[in-house]
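**Q** First, the structure itself, so that you have it in front of you.
The values are calculated or read from the model by the stated rules, or taken from the named source; none is laboratory data. All of these numbers come straight from a predicted model, not from anything done at the bench. In this analysis, Cβ positions are derived from the backbone assuming ideal geometry, glycine residues included, and neighbour counts consider all displayed protein chains. Side chains included, ligands, DNA and RNA excluded: accessible areas come from the protein's heavy atoms. Shrake-Rupley method; radii C 1.70, N 1.55, O 1.52, S 1.80 Å.
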Amino acid sequence: MEWQGIVTLITLFVVLSSLALTRVSADLILMAALAFLLISGILGPVEALAGFGNPGVITIATLYVVAAGLKETGAVQWIARQLLGHPKTEKGAQLRMIAPTGILSGFMNNTAVVAMFIPAIQDWAQRLGVPASKLLLPLSYAAILGGTCTLIGTSTNLVVDGMLQSRLGINLGLFELAWIGIPLLLVGGTFLVLFASRILPDRGGVTEELDQVREYGVEVEVMAPGPLVGKTIAQAGLRALNYGYLTEIDRGGRLITAVEPDRTLQGGDRLYFVGAPECASELRRIQGLKPANGSVHKLDVANHQRCLVEVVLGPEFPALNKTIRDSRFRTRFNAVILSLSREGKRVPGKLGDITFRMGDTLLLEASHQFVEQYRFRRDFLLVSALNDSTPPDFHRAPRALGILALMVLVSASGVLQIMEAAFLAAGAMIVSGCITASRARRSVDLPVLVVIAASFALGNAMTETGAATWVADGLLGFGPLTPWVALAMVYCLTAVFTELITNNAAAVLMFPIALAVSEQLGVSFLPFAVAVIFAASASFITPLGYQTNLMVYGPGRYRFSDYMRLGFPLSILAGIVILALVPLVWQF
């Protein structure tokens, strides 16, 4: 091996160490490695930047827009509420959660699925009286397992498929991985249902203490006709919100203050909640409720272009010492006041009769441009938008689901390649109004794409310099190995890498090594490529190896040992299933 190969292996070691041991972001580390390989002359510009034009990377970027369209329309929330139901036991709750999560993750990015399911599962767990820590980690694992069932279920599948296309001209079908993925989901899902609630401890949940945050009163109305009419408060998900609680119901002028969980909702009921500002965001995501403030409907802003904003009144606010009704706030600022907090407490009485004072904190519904427009104006001391507070456009949910189904259909039938189908679906999401062009741009996770694309440079350097062949010789140097033993070694090495670094980087780095092993054994490369796909995805032992594992770490109040206790046996079980089935489906 010449000096270029030695330098490449040293670079690889530095990258792996930096990803595992430092807090420097992965995109910076891998872009620095790319730049070094390019400047040192080990790679030319075409080889170094090949990842940025890889079909798999482009497909991942496009699918972010498709997933965002499903999120903006509330399609996944609607599916979650329909499928989760009201199980009686913890095992029943595990089953009702794992099945829809696994299925959805097969057809959209599993990171997006987990992001949308986390608040729904937290709310659901409170309603069922089940600790959220018993459900959130199985949620992540179910999404990982479900993502292995189709080509579009996880970015790792698309990355390896892109390398197969560019290196060997091989295209994987949309459901080709299902021969392994579905048995893996069934076996892994059964393990989680049987053992997750026993193994995982009760860590409680992350719930805001309402006496330590700004307290608001939020009033909403039950739409008639609507999906909540005839349901009890508990069934509607209104009894155990994360950030607020229901205090009273105004029914035709009659005030109901003792709000029991089994009280049935009627159309036109006005519900009064007290809680943190995020309570208003939670209520926005429940289909069948609308703001009780009539001025909200007079806003000259489309519903899906609104968000919740907090502002603190400054000394130059023009309506100080005036009532909200007399201030003409909506006309002046094109925003509607939902509630007012003073010194951290809600102000009792009718909203329109409250008099403004300097330092009051207002909860507003306004356009996305409101923050930029008024951030530096002297009317307000502070202007801050609440994260993820845009109400879903539920009317377009069937349209978004139809676009997703059509994308899957044309790809599975072979009419279009998955990248072409994803482009059409993303365009349809924008043209049909499921998502705006600006939000589509913001939905693309650029750091993740940079990590994936830049890691291709390391993979190419391993191949070009002969470093991959040298590593393969080392793996095969233990003596004459059968193809199955070599496959198991490649699988285990990939599984170790994916627990220490990102799953996509592990797949890209192991791809050339696996290719070199198959060439030296003189056998088909496809079983090795599939083993790399599944090993890179099967990250259950640490929170660092897969993004969904990290996403549930905080909300579930997990410790590192929780991942080891549940993830280690699941990893062994997954390895047995994968290594047993891969040679049967793809012959050496």
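**Q** One residue is enough: does the stretch 476-486 have a residue meeting the conditions under 29 Å from the mean Cα position of the chain (by Cα), modelled with pLDDT of 85 or more and either farther than 15 Å from L9 by Cα or open to solvent by 20 Å² or more (accessible area, probe 1.4 Å) (or both)? If you could, list the steps in order and put the result at the bottom.
**A** Residues of the stretch 476-486 under 29 Å from the mean Cα position of the chain (by Cα): none.
Checking the stretch 476-486: not a single residue is under 29 Å from the mean Cα position of the chain (by Cα), modelled with pLDDT of 85 or more and either farther than 15 Å from L9 by Cα or open to solvent by 20 Å² or more (accessible area, probe 1.4 Å) (or both).
**Q** Right, next: Being under 18 Å from I144 (Cα atoms) and in contact with a Phe, Trp or Tyr (Cβ under 7 Å, 6 or more places away or on another chain) is the filter here; which residues of the stretch 564-588 pass it?
**A** Those that are under 18 Å from I144 (Cα atoms) and in contact with a Phe, Trp or Tyr (Cβ under 7 Å, 6 or more places away or on another chain): G567, L570, S571, L573, G575, I578, L579.
**Q** Would you please name the residue that is nearest to L136 (Cα to Cα), looking only at residues in the stretch 541-581 that are open to solvent by less than 50 Å² (accessible area, probe 1.4 Å) and of a type in the set (F, W, Y)?
**A** In this case the residue turns out to be Y558.
**Q** Now, a different point. Being within 22 Å of L151 (Cα to Cα), open to solvent by 30 Å² or more (accessible area, probe 1.4 Å) and assigned to a helix (DSSP H, G or I): is that true of F497 here?
**A** Spelling it out, F497 is indeed within 22 Å of L151 (Cα to Cα), open to solvent by 30 Å² or more (accessible area, probe 1.4 Å) and assigned to a helix (DSSP H, G or I).
**Q** Could I ask something else about it? For the stretch 440-450, how many residues are crowded, with 20+ Cβ neighbours inside 10 Å and over 23 Å from A505 (Cα atoms)? Full working, then the answer.
**A** Residues of the stretch 440-450 that are crowded, with 20+ Cβ neighbours inside 10 Å, as a first pass: 440, 443, 448-450.
If we keep only those that are over 23 Å from A505 (Cα atoms) too, we end up with 440.
Of the residues in the stretch 440-450, 1 are crowded, with 20+ Cβ neighbours inside 10 Å and over 23 Å from A505 (Cα atoms).
**Q** Please go through the stretch 346-395 and give me each residue that is outside any loop (DSSP other than H, G, I, E, B), touching a Phe, Trp or Tyr at 6+ places or on another chain (Cβ under 7 Å) and over 30 Å from P227 (Cβ atoms), ordered by number.
**A** Within the stretch 346-395, Y374, F380, V383 qualify.
**Q** Within the stretch 363-370, is even one residue of a type outside the set (S, T, Y) and open to solvent by 10 Å² or more (accessible area, probe 1.4 Å)?
**A** Yes, some residue in the stretch 363-370 is of a type outside the set (S, T, Y) and open to solvent by 10 Å² or more (accessible area, probe 1.4 Å).
**Q** Moving on to the next point. Is there any pair with a first residue in the stretch 233-256 that is in a strand (DSSP E or B) and a second that is among the polar types (S, T, N, Q) whose Cβ atoms are under 7 Å apart and which are 6 or more apart or on different chains, and what are they?
**A** E248/T257; R251/Q266
**Q** Additional query: Would you check if A425 is buried (at least 18 other Cβ atoms within 10 Å of the Cβ) and under 18 Å from E72 (Cβ atoms)?
**A** yes
**Q** If you take just the helices (runs of 4 or more DSSP H) that sit entirely in the stretch 109-207, which of them hold at least 3 residues that are buried (at least 24 other Cβ atoms within 10 Å of the Cβ) and modelled with pLDDT of 85 or more?
**A** 136-147, 155-168, 178-199
**Q** Go through the stretch 396-422 and give me each residue that's of a type in the set (A, V, I, L, M), exposed (fewer than 15 other Cβ atoms within 10 Å of the Cβ) and assigned to a helix (DSSP H, G or I).
**A** If the condition is that a residue be of a type in the set (A, V, I, L, M), exposed (fewer than 15 other Cβ atoms within 10 Å of the Cβ) and assigned to a helix (DSSP H, G or I), then A405, L406, L409 are the ones that fit.
**Q** Applying the selection to the stretch 518-535, what residues are among the hydrophobic types (A, V, I, L, M, F, W, C) and in contact with a Pro (Cβ under 7 Å, 6 or more places away or on another chain)?
**A** Once the filter is applied, which keeps residues that are among the hydrophobic types (A, V, I, L, M, F, W, C) and in contact with a Pro (Cβ under 7 Å, 6 or more places away or on another chain), the stretch 518-535 yields L521, V523.
**Q** Related question: Consider L382 carefully, then state whether it is over 22 Å from the mean Cα position of the chain (by Cα), closer than 16 Å to M108 by Cβ and exposed (fewer than 15 other Cβ atoms within 10 Å of the Cβ).
**A** no
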